[in-house]
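Worksheet for the structure shown next.
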Amino acid sequence: MIAFILRRLAQAVLVMLTVAFIAFAMFNFVGDPINNMVGQDTSLQDREALRQSLGLNDPLVLRFGRFVANAAQGEFGVSFRLAEPVSRLILNALPATMELAIVAALLAVIFGVMLGVYTGLYPNRWLSRFFLTISLIGVSLPTFLIGILLILVFAVLLGLLPSFGRGEVVRIGWWSTGFLTWSGIKALILPSITLGLFQMTLIMRLVRSEMLEVMRTDYIKFARARGLTNRAINFGHALKNTLVPVITITGLQLGAIIAFAIITETVFQWPGMGLLFIQSVQFADIPVMAAYLILVAVIFVVINLIVDLLYFAVDPRLRIDGGRSGH
Amino acid sequence: MSSPSRQPLLEVRNLRVEFFGRRGRLLALDDVSFHIDPGEVLGVVGESGAGKSLTGASIIGLLEPPGRISGGEILLEGKRIDNLPYEELRRIRGRQIGAIFQDPLTSLNPLYRVGEQIVETIRTHLPMSEQQARKRGIELLQEVGIPSAAERFDHYPHQFSGGMRQRVVIALALCAEPKLIIADEPTTALDVSIQAQIITLLKRLCRDHGTAVMLVTHDMGVIAETADRVAVMYAGRIAEIGPVQDVVKRARHPYTHGLMGAIPEMGADIDKLTQIEGAMPRLNSIPPGCAFNPRCPSAFDRCREEKPYLLPVERSQVACWLYDETGARREAAHG
Ligand SMILES: Nc1ncnc2c1ncn2[C@@H]1O[C@H](COP(=O)(O)OP(=O)(O)OP(=O)(O)O)[C@@H](O)[C@H]1O
Ligand code: SF4
Ligand SMILES: [Mg+2]
């Protein structure tokens, strides 16, 4: 198991270096960084001096090494657009995105698993068919359309919920949270539903098909023959066996939620990293884009590592295979 | 033919099971009647698809839809259990009637320790604390012959071999001391070298605990050694049922003859009988009259028109027109 973790860590480092290289390449090969920093009237000599002083004439490997070292310390330079340190911009936007993503993921997992279990256990009930039909709509409608529809109904027509922004936030250290104010919570509802809906239907369909499969297995039949209660069978034996694929998909989806947040944040003008990224793209604000890219990659890699470790927690067959005896 | 002196443990009367599908109904069990006395081993044999497993599933109330009991009754110690609500029947499963299935590799939940599954079963049925159940579970594992049981108790199923897993399954079936165990081909999936061990173990345990067994198997050797009585099934009906010596050595029904590969006592069709030709009909093409008639070397007109029903022949019961109400074999059968 230790070997497995080490192997996974090595892979993670490799992935991160690749992503870092892409980000680094953006810096160096998309446009001229000097052009972005100086005015029109700067002389060629001044430009060259600046180039030299910034180390832009150093060998590629050295520059890449420096880039990685800086990135590892959260140092991505200064935003071209806002002339502020990228790290500060990202830190300001991070809480908004994380809170949105966490609420969306919780919604997706809780309702996805519950509906999946229900529709898997009672595939023939009217309500199950209803949920399945609804989920089809959830899968096929694009996120932005769902967001706009929700805004139309709940913000414009009913006037119940805000259509943009985070509402009032409370600062705790550098973290700004919307969980502590009523308007913050209200502002979270529509975006998190928009963001989580697709993943919820995905998880629901996955849990359902796994559940249907597991209910047909011999060990479930044998559990019934032993007279175990339905509760023990459905939620102990069956649900636990559906968990491995559910954990995988959910883990991957969590990464996807953060990535998809770009669309939702744009629709709801949610001041998170996704919105920051979109605005940066419009201005070719390379440092911010590079930082965003790396941060998202880190999140993906960390989630994958956690998913791998959860496998071991859930499935004993993956743990050290000791004590297998002969006849 | 239960003796009037004592009540049979299990009684199945005229059981009918049907599948209700899109293409209409299929009669899978037709008028199945038999009983099992306390502590008795009833062997059940018959070709694949004869309805052996369905009979077992009906008794423990685990028929899977679209299968349904559509007639007859099942009595446990004189009380009907076929029409009980799900929850009451659940309490009988495992507690009064245990079950063992064919494949020990897949009967245990791979994600739970063997001990957890035992403790869970014990505590579902008996008022015991975690510790008491654990103690009893370890004793059970010892009893089914698992070495260093206390240590193995906390292992996962994949850490056991097939034979050891089937021992665990037997322990699970026995752990609430049921009065009857339905063992559906308990050794078919196992290595030939361990089949005998498992059967011997099952037989010993059930004798020690006074547990009756309905033993479904294809192995006539096992039947001859283990069973007290034997039921022979064909196309959803019982063809013959009786004491093991009679059924194995002096089979009355032509189908039983064929199954046992036995030499018939009389008649000219010796060669045809040693091996049954053809295949058992599918449920949707069961011929009228005796279901066996297309394959039966002794078939005559009546066999193609009327369904034979079980009639006593000495200590057995046989469903075949070769025997009349008095149990005598008709001599003028070949009409
Ligand atoms: N879901 C179902 N729908 C229709 N027919 C079914 C269904 N399940 C079982 N049957 C039929 O019921 C009959 C009896 O099946 P059963 O499993 O009891 O046979 P068996 O005697 O146990 O055979 P085997 O020795 O192969 O285990 C078979 O003909 C089978 O095709
Ligand atoms: S009833 Fe007729 S066809 Fe059926 S087994 Fe007896 S002799 Fe053969
Ligand atoms: Mg069977």
Pairs needed: first member in segment B:132-144, open to solvent by less than 60 Å² (accessible area, probe 1.4 Å); second member anywhere, among the β-branched types (Val, Ile, Thr); C-beta distance under 7 Å; at least 6 residues apart or different chains.
B:Ala133/B:Val119; B:Ala133/B:Ile122; B:Arg136/B:Ile122; B:Gly137/B:Ile118; B:Gly137/B:Val119; B:Gly137/B:Ile122; B:Leu140/B:Ile118; B:Val144/B:Ile170
Based on this model, can you work out whether A:Arg224 counts as in a helix (DSSP H, G or I), open to solvent by 40 Å² or more (accessible area, probe 1.4 Å), over 30 Å from A:Arg166 (Cα atoms) and in contact (Cβ under 8 Å) with a residue 12 or more places away in the chain?
no
When you scan segment B:39-69, how many residues do you find that are more than 14 Å from chain A (Cβ to nearest Cβ) and either away from ligand 2 (no atom under 16 Å from the Cβ) or open to solvent by less than 40 Å² (accessible area, probe 1.4 Å) (or both)?
16
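Looking only at segment A:234-263, how many residues end up being among the hydroxyl-bearing types (Ser, Thr, Tyr) and crowded, with 22+ Cβ neighbours inside 10 Å? Lay out the reasoning, then the answer.
Of the residues in segment A:234-263, the ones among the hydroxyl-bearing types (Ser, Thr, Tyr) are A:242, A:248, A:250.
In the following step, the residues that additionally are crowded, with 22+ Cβ neighbours inside 10 Å were identified as A:242, A:250.
Residues that pass the stated criteria total 2.
Say whether the condition of being away from chain A (no Cβ under 14 Å), at pLDDT 80 or above, within 14 Å of ligand 1 (Cβ to nearest atom) and assigned to a loop (DSSP other than H, G, I, E, B) is met by at least one residue in segment B:270-280.
Keep residues of segment B:270-280 that are away from chain A (no Cβ under 14 Å), which gives B:270-280.
Subsequent filtering for residues that are at pLDDT 80 or above retains B:279-280.
From what's left, within 14 Å of ligand 1 (Cβ to nearest atom): B:279-280.
Next, from what is left, pick out any that are assigned to a loop (DSSP other than H, G, I, E, B): B:279-280.
Checking segment B:270-280: at least one residue is away from chain A (no Cβ under 14 Å), at pLDDT 80 or above, within 14 Å of ligand 1 (Cβ to nearest atom) and assigned to a loop (DSSP other than H, G, I, E, B).
Determine, yes or no, whether B:Thr106 is under 24 Å from the mean Cα position of the chain (by Cα), polar (S, T, N, Q) and either farther than 30 Å from B:Gly72 by Cα or away from ligand 3 (no atom under 16 Å from the Cβ) (or both).
On the way: under 24 Å from the mean Cα position of the chain (by Cα): yes; polar (S, T, N, Q): yes; either farther than 30 Å from B:Gly72 by Cα or away from ligand 3 (no atom under 16 Å from the Cβ) (or both): yes.
Yes.
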Verdict on A:Ala256 being closer than 19 Å to A:Phe198 by Cα and hydrophobic (A, V, I, L, M, F, W, C):
yes
Consider B:Ala99 against the criteria (1) open to solvent by 10 Å² or more (accessible area, probe 1.4 Å); (2) closer than 20 Å to B:Gln166 by Cβ; (3) within 16 Å of ligand 3 (Cβ to nearest atom); (4) not in a loop (DSSP other than H, G, I, E, B): it satisfies all of them except one. Which criterion is unmet?
(1)
Criterion first (open to solvent by 20 Å² or more (accessible area, probe 1.4 Å), more than 26 Å from B:Ile194 (Cβ to Cβ), away from ligand 1 (no atom under 11 Å from the Cβ) and in a helix (DSSP H, G or I)) does B:Arg90 satisfy it?
no
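Do the conditions hold for A:Ile22, that is, is it under 28 Å from A:Ile278 (Cβ atoms) and either open to solvent by less than 30 Å² (accessible area, probe 1.4 Å) or in contact with a Cys (Cβ under 6 Å, 6 or more places away or on another chain) (or both)? Can you show your working first?
Numbers: under 28 Å from A:Ile278 (Cβ atoms): yes; either open to solvent by less than 30 Å² (accessible area, probe 1.4 Å) or in contact with a Cys (Cβ under 6 Å, 6 or more places away or on another chain) (or both): no.
Taking the combined requirement at face value, the residue does not satisfy it.
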Mind checking which residues of segment B:192-240 are in a helix (DSSP H, G or I), within 14 Å of another protein chain (Cβ to nearest Cβ) and not polar (S, T, N, Q)?
B:Val192, B:Ile194, B:Ala196, B:Ile198, B:Leu201
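The values are calculated or read from the model by the stated rules, or taken from the named source; none is laboratory data. Here the structure is a predicted model, which means the values were calculated and not measured. FYI the Cβ positions are ideal-geometry reconstructions off the backbone, even for glycines, and counts take in every protein chain you see. To get the accessible areas, we keep the full protein, side chains included, count just its heavy atoms, and leave off ligands, DNA and RNA. Shrake-Rupley method; radii C 1.70, N 1.55, O 1.52, S 1.80 Å.
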